[in-house]
Structure formats: structure tokens, C-alpha cells
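One structure below.
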Amino acid sequence: MASVAIPAFEATGVEAIPGIARTARGTFQTHKTKNLEWRRTQLRKLYWAMEDYRPQLLAALKKDLNKSAFESAFTEIDWVKNDCMFVLDNLDRFAKDEKLPVPWSFAMMKFRTRKEPMGTALIIGPYNFPVQLLLAPFVGAIAAGCTAVLKPSELTPACAMVVKEMVETRLDTSAFAVVNGAIPEVNALMEQKWDIVFFTGSAQVGTIITKKAAETLTPVVLELGGKNPAIVTKNVGDLAQAAKRLLWGKTLNAGQVCLSHNYVLIDKALVPAFIQELKNAYKQAFPNGAKASPDLGRIVNERHFLRLKAMLDNTNGKIVMGGEVDQSELFIEPTAVLVDSVHDSMMAEESFGPIFSIYPVNTLDEAINTTKLVHSTPLSLFAFGSKAENQRVLNEVTSGGATLNDSYFHGSVNTVPFGGVGDSGTGAYRGQASFDAFTHHRTVSETPRWAEKLIAVRYMPFDMAKLRQ
Ligand code: NAD
């Protein structure tokens, strides 16, 4: 790839933030964003900007996370373009008023839902998919007719700068802006009045954002993380396939994926064969070892590298696959650790990297009970068993979303909603849910003037006899 110049990271500065928020709010108040053609134009501009900026985005993703061009296209650039296309194709349908059903006694009145933009949105993104997780919600905000200010993660500075340049040179800057920076900038942003805050990141920061938003009763959408279980039973069918799929779930983006599994609860009798199948899958994916692979990303920074290394250093379990780490490259090898306690360092926190634990269980009951000890409302859940077992797992283990017989497909398709539950998030987006997340569903009723006689019963003085008629 020819070298591409990426501007050095520059924080926006907190003093500029009130003005940026004022501009976005002022533009919303002009009503221009309510026009569907204006929204379509902005979505088309974003679509083409993603294409025109492909070289810069690829270079930035390589620089920040060592993402391969394949992964960057698949999970970031084309991802956002697909979201734009889907929303563009369906905007008229999403935005149309919906007739509301009413009981026969109100049949002469008209009830409908009007889809109104929430207003001015603040969208805060995390580092792991620095383009996708900022711009996919943004697609929803544009489609809904909101103005928006975006705050990319400062941990992926190259992406943050490219996204800022792209949005601010290609889209309507009276409606949209990108603020770069870290905690001071987020704090300054949260001092402004928003009509909706869409936050993707850790539960810890999600709590800070929610508390601050509560002071002004600002609604929040939270897309958070969790300790996600995978359950493999004796009726898995093809164990090699399950191992291959689960390994894939921990190698894409070097496992820095909110919905990837943190631990595999597996029938005791399958453990030796499962480990062997994981090793086989590893060999297929990385014939020359993971470190030499051009496809495997790196950990975003030293802090996260050391966090993951500490999980491995402190485990009482046995490393059964991988285990190599190299700080100079921020490399962590895809690693599986056989553990026997939910308190093990490998189970106690979200891994958010290419490492996971294998936890042997005697029965499906034990597997289900163990998920509850680890995290009662994880973001995702993976079940590899018979149809009836998978159904039982769905019935008895809560999660934001779930994938059967595979790793995280429920969060991978642009037409289906994605979101957490409980402390892994609130609200959802993608597909029509992206539009709905930024839309106020306003109920409107209309009483015909001619119906006065029919509704006269409501007026005082009341007459009980007429009510019963
Ligand atoms: P993070 O919470 O540290 O950061 C997210 C954003 O919050 C960043 O823009 C950052 O600048 C800002 N921020 C950080 N600390 C702050 C503070 N003290 N006050 C105010 N703002 C602050 O998250 P991260 O490390 O970038 O991402 C990893 C986490 O995000 C994981 O827990 C992962 O599971 C979760 N995640 C969830 C989803 C999802 O869709 N549910 C997607 C990706 C990541």
C-alpha cells in the first residue's frame, strides 16, 4: 500500500466545545435536518466519503491496531457503507407515520406515531472498532434527522483524526462535528445539553456518563461489555467446527471484540479433544505461528497489553494453547487456559483480547449455573449443543444477544438489531433499530370536529347511565 499521510493527533480543546454544541443545536432548531432529502444527501456523502477515504482509513487502522486490510474492509469500512445503504433503501419506510390500532369505541379518531428526530446527539466511541462503532450509530442519527457531535476514542488517534477530517470536509458542518480528546473533552461535552447520548465503551465509563446525563434527564443508549459465555455440550455434533469457530471469535481484531466469548464451559469428557481441535484450528489459521501472521492485529496499547498479560501471569490454570506475549510488539498470542474456578484471574474480568478460559463442567445444569456466577447479564452468549439444549440455554441464561453454533453472528449483520441487557447495555441499534434509537416515537391523535356528539359523554356533569350504554 502506498504510504498515506495521517495528521498528528490533536485534541479539540475544551474551550471550543460549548460553541460546537451550540452550532449543532442551533442547526437542529432550523428544522433543516427534518427534510428527508437532506438526510439522504448526508448519508450518500458519508457513503462516498468512506470510499474516498478508504486508503487513509486502512492506513489509520493499520497504525492504531495493526488491522489487516481484509479485516478493516470487512468490519469497519464496508460495514459502515452497508449500514448507509440499508438505511438509504429503507428511509421512507422507517420515517413514515404509522397508524396505531385502537379499540372500536375510538374508531372515529385517528391515532398515529410520528417519527421525530430526538434532536442533537452526542455519540461517544470506543477504541476497538474505532470507525465502525462511531459511524454506525452516526448513520442512525443522520437517518433519524438529528444533528450530532462525535467523540472518537483517543486510544486510536490516527483513526480519530481521519474520521474528523472525513466528516468535517464531506458532511454538513453546521449539523455535524467531531471532537477529539480524552476525559477532559468528554467531561466538557457532558456539561452541554444533549437530547440523546449514545455511548459505546466500558461499563465503568458508561456509569459515569449515565450519572451525568441523569442530571439533565438526558436519555442514554449504552453499548457496554461483559463476560460472555460459550457452552459446548456432548451433543455439539462437529467439535472441530465448534473449536474453529470459537478460535475465530478470539482472533478477529485480536479478540478486542465486546461480544467475543470470555470463557468456554464444556463437558468434561470433551476437554482433551476440544483442546486438540483448537490447536488444529490454530495451525490452520496460523501455519507459521500467530506472531508471523499478517492477519492478526495487535493490542491497542501498553496498558491493555499489561492488563491481559497480568490475567495470564496470575492464573492458577494451565495454558493449553498459545501463551506467548511480546511487549515490544504489543503481541498476545491467541491463548486458551484450562481453569477450575470462577475466581481465577482469567474469569474474573472481561478479557477483551485473544485469551479465553476453558472451564470443564459435568452437566448442562452446572454450565448454566456457572454463567450466573460469572455475569448475570452478559452482552452475548454462544451455545453449541443439540437443538433442545440450545433452546434451554436461551431460556435460562440472559444475554443481550445470542448465537447458536457459532461465534458472534448475531452482531454481524447490518439489518438486525444489536444491543446489551442489564449492565451490558440498554437500547439497540443497526438495521431499523439505528433509526429508532435516535427517533422519538410521538403519538398523535386527531379528533374529527364532526364527532362532537359521539364523545359528548366525557363532559361534566357526568352521567353514569350514559357511560354504561
Ligand atoms: P472506555 O469506556 O474506556 O472508553 C470509551 C469512551 O469513553 C472513549 O471515547 C473515552 O475517551 C471515553 N472515556 C474513557 N474514560 C472516561 C472517563 N473516565 N470519563 C469520561 N469519558 C471517558 O472503553 P474502551 O476501552 O474504549 O472500550 C472497551 C470497552 O468497551 C469494553 O468493555 C468493551 O466490551 C466495550 N465495548 C462495547 C461494545 C458494544 O457494542 N456493546 C463495543 C465495543 C466495546
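The values are calculated or read from the model by the stated rules, or taken from the named source; none is laboratory data. In this text the structure is predicted, and so the values were computed from the model without any measurement. Here the Cβ is made from the backbone with ideal geometry for all residues, glycine too, and neighbour counts use every protein chain on show.
Inclusion of residue 34 among residues that are closer than 24 Å to residue 431 by Cα, without any contact (Cβ under 8 Å) to a residue 24 or more places away in the chain and more than 24 Å from the chain's Cα centre (by Cα) is not warranted. Whether a residue is in contact with a strand residue (DSSP E or B) (Cβ under 9 Å, 6 or more places away or on another chain) and touching a residue at least 40 places away in the same chain (Cβ under 8 Å) was assessed, and residue 185 passes this test.
Scanning segment 150-180 for residues that are surrounded by fewer than 22 Cβ atoms within 10 Å (Cβ to Cβ) and either aromatic (Phe, Trp, Tyr) or within 12 Å of the ligand (Cβ to nearest atom) (or both) returns 154, 155, 180.
Across segment 246-275, the qualifying residues are those that are touching a helix residue (DSSP H, G or I) at 6+ places or on another chain (Cβ under 7 Å) and free of Cβ contacts under 8 Å to residues at least 40 places away in the same chain, and the one among them that is nearest to the ligand (Cβ to nearest atom) is 270.
One residue stands out among those in segment 185-240 that are farther than 17 Å from residue 151 by Cβ and part of a strand (DSSP E or B): the one that is nearest to the ligand (Cβ to nearest atom), which is 228.
In this structure, is residue 365 part of a loop (DSSP other than H, G, I, E, B) and away from the ligand (no atom under 15 Å from the Cβ)? No, not satisfied.
Pairing residues of segment 448-467 that are in contact (Cβ under 8 Å) with a residue 40 or more places away in the chain and surrounded by 10 or more Cβ atoms within 10 Å (Cβ to Cβ) with residues that are of a type outside the set (Asp, Glu) and not in a loop (DSSP other than H, G, I, E, B), at Cβ distances under 9 Å and at least 6 apart in sequence or on separate chains, gives 448/110. Residues considered: 443, 426. Of these, the only one that is more than 12 Å from the ligand (Cβ to nearest atom), modelled with pLDDT of 95 or more and either within 11 Å of the chain's Cα centre (by Cα) or on the phi < 0 side of the Ramachandran plot (or both) is 443.
For every residue, the table says whether it meets (1) more than 13 Å from the ligand (Cβ to nearest atom); (2) in contact with a helix residue (DSSP H, G or I) (Cβ under 6 Å, 6 or more places away or on another chain); (3) at pLDDT 95 or above.
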| position | (1), (2), (3) |
| --- | --- |
| 80 | yes, yes, yes |
| 87 | yes, yes, yes |
| 103 | yes, no, no |
| 106 | yes, no, no |
| 115 | yes, yes, yes |
| 119 | yes, yes, yes |
| 131 | no, yes, yes |
| 139 | yes, yes, yes |
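When segment 207-229 is filtered for residues that are surrounded by 15 or more Cβ atoms within 10 Å (Cβ to Cβ) and free of Cβ contacts under 8 Å to residues at least 40 places away in the same chain, the ones remaining, listed by number, are 208, 210, 212, 213, 218. Could you tell me whether residue 397 is of a type outside the set (Phe, Trp, Tyr), surrounded by fewer than 17 Cβ atoms within 10 Å (Cβ to Cβ) and at pLDDT 95 or above? Answer is no for this residue.
Return the residue satisfying two criteria in turn: it lies in segment 390-423 and is in a helix (DSSP H, G or I) and touching a strand residue (DSSP E or B) at 6+ places or on another chain (Cβ under 7 Å), and of such residues it is nearest to the ligand (Cβ to nearest atom). It comes out as 411.
Which members of segment 183-205 meet the condition of being within 20 Å of the chain's Cα centre (by Cα) and more than 23 Å from residue 142 (Cα to Cα)? Across segment 183-205, the qualifying residues are 202, 203, 204, 205. Within segment 170-217, the only residue that satisfies the criterion of being basic (Lys, Arg) and closer than 18 Å to residue 22 by Cβ is 193. Of the residues in segment 410-427, at least one is of a type in the set (Ser, Thr, Tyr) and touching a Gly at 6+ places or on another chain (Cβ under 6 Å). Condition check: more than 16 Å from the ligand (Cβ to nearest atom) and surrounded by fewer than 18 Cβ atoms within 10 Å (Cβ to Cβ). Does residue 344 satisfy that? Judged against the criteria, residue 344 is not a match.
If we scan segment 362-372, do we find a residue that is closer than 30 Å to residue 206 by Cβ and in contact with a Gly (Cβ under 7 Å, 6 or more places away or on another chain)? No, segment 362-372 contains no residue that is closer than 30 Å to residue 206 by Cβ and in contact with a Gly (Cβ under 7 Å, 6 or more places away or on another chain).
Checked against (1) under 18 Å from the mean Cα position of the chain (by Cα); (2) touching a residue at least 60 places away in the same chain (Cβ under 8 Å); (3) in a loop (DSSP other than H, G, I, E, B), residue 140 meets all criteria but (3).
I'd like the residue in segment 230-248 that is touching a Ser or Thr at 6+ places or on another chain (Cβ under 9 Å) and surrounded by 24 or more Cβ atoms within 10 Å (Cβ to Cβ) and, out of all such residues, is farthest from residue 384 (Cα to Cα). If we take residues in segment 230-248 being touching a Ser or Thr at 6+ places or on another chain (Cβ under 9 Å) and surrounded by 24 or more Cβ atoms within 10 Å (Cβ to Cβ), then 247 is farthest from residue 384 (Cα to Cα). Please give the number of the condition residue 325 fails out of (1) surrounded by 21 or more Cβ atoms within 10 Å (Cβ to Cβ); (2) in contact with a helix residue (DSSP H, G or I) (Cβ under 8 Å, 6 or more places away or on another chain); (3) under 22 Å from residue 155 (Cβ atoms). Against the list (1) surrounded by 21 or more Cβ atoms within 10 Å (Cβ to Cβ); (2) in contact with a helix residue (DSSP H, G or I) (Cβ under 8 Å, 6 or more places away or on another chain); (3) under 22 Å from residue 155 (Cβ atoms), residue 325 comes up short only on (1).
The residues listed here are 305, 356, 352; of these, the one that is assigned to a strand (DSSP E or B) and either touching a Leu at 6+ places or on another chain (Cβ under 7 Å) or in contact (Cβ under 8 Å) with a residue 40 or more places away in the chain (or both) is 356.
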